[in-house]
1. Starting with the highest mean, order 142-154, 126-138 by the number of other Cβ atoms within 10 Å, averaged over the residues of each peptide.
2. Taking the range 129-193, how much of its Cα-Cα pair set, in percent, is spaced more than 19 angstrom apart?
3. Residue 85 label point, 7 Å along Cα→Cβ, cut-off 20 Å on backbone N: hits in the range 128-166?
4. Take residue 15 and residue 193, extend 7 Å from each Cα along the Cα→Cβ direction, and tell me the distance between the two endpoints in nm.
5. Quick check on packing: order 16-28, 94-106, 167-179 by the mean number of other C-beta atoms within 10 Å, highest mean leading.
6. Please find the FRET efficiency linking residue 49 to residue 8, where r is the Cβ-Cβ separation and R0 is fixed at 45 Å, and quote it to the nearest 0.05.
7. Starting from the amide H of residue 7, placed 1.01 Å from N in the peptide plane, find each other amide H under 5 Å away whose residue is 5 or more places distant or on another chain.
8. Using a cut-off of under 17 Å, list every residue of the range 125-150 whose amide N is near the label point 7 Å from the Cα of residue 110 along the Cα-to-beta-carbon line.
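Nothing in this text is a laboratory measurement; each read-out follows from the coordinates by a stated rule. All values derive from a computational prediction rather than experimental measurement. When we count neighbours, we look across all protein chains shown, and the Cβ atoms used for this are built from the backbone with ideal geometry, even at glycine.
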Amino acid sequence: MCYVIITSVSLVWFLCSLVADMLLAVSLVTPKWLIGPLNPSLNSSASHRYPSVGIYTRCKQTHSGYHCGSFDLDGFATDGSVYPWEWKLAMFFMSLGFALLSLTVAATLLTCCRQSACGKSIHNMTACAQVLAGISVMLAMFLHPLGWRAPRVQRLCGTEAEPFYPADCSIGISFYCGILSILLTLAAAGISLKAESSNLRTRVRRRVEAGSKLVCIP
């Protein structure tokens with residue numbers, strides 16, 4: 001029989017996973033990882049828009065205005081002075097974490113209808129995937145500052161820039177979104193175990209055995 005089980009814990013689990021996935025997407029596509037100082041000698045129309053660099057996008061001041069876009073990438077073959085190898089690895093782990101986390105968001109919805117697949121608990125498998133996603137993003141967050149000695153960063157932040165020291169630059173909102181995504185992802189992994197026991201409560205089983213197709217339990 002087809003039925004849908006929704007509990008307060010499973011709803012919190014889904015929302016936590018979804019918000020973590022959205023924050024990770026924001027961190028991945030926005031260029032606000034490092035924010036550089038303004039250059040007053042350039043076009044005045046960009047005087048209040050700070051140059052910045054992200055994991056694969058950047059915004060910069062020019063004499064003709066303010067321009068944002070992605071790096072001219074050719075995979076891992078790109079020269080390290082253009083796209084540091086630390087950022088290449090960070091991009092890989094960030095993308096891997098995003099893919100895993102996106103799959104777990106779909107899995108949280110699946111658990112409303114099924115509790116196991118191939119004899120394995122979907123909750124447990126999802127929790128493991130979320131832990132792996134969190135670790136993958138943590139590696140990316142660690143690798144990105146290692147590339148701050150790159151010529152691209154030193155042009156933006158000053159020649160004093162080095163790993164974990166951004167010199168004249170400041171840490172942007174995209175970097176903090178990545179950190180918050182890690183915390184929510186690991187929290188969601190823990191909540192998943194509670195969500196499984198919530199879905200298997202006696203009250204839920206009684207409602208299912210009584211023929212209810214939609215079971216909502218606080």
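1. Working: 142-154: 19.1, 126-138: 22.1.
Top to bottom by mean Cβ count within 10 Å: 126-138, 142-154.
2. Result: 42 percent of Cα pairs exceed 19 Å.
3. Counting only backbone N, you get 139-154, 162-164.
4. 2.3
5. Numbers: 16-28: 21.5, 94-106: 20.0, 167-179: 17.8.
With the highest mean Cβ count within 10 Å placed first, the list reads 16-28, 94-106, 167-179.
6. 0.55
7. Correct list: 217.
8. Output list for this probe position: 125-133.
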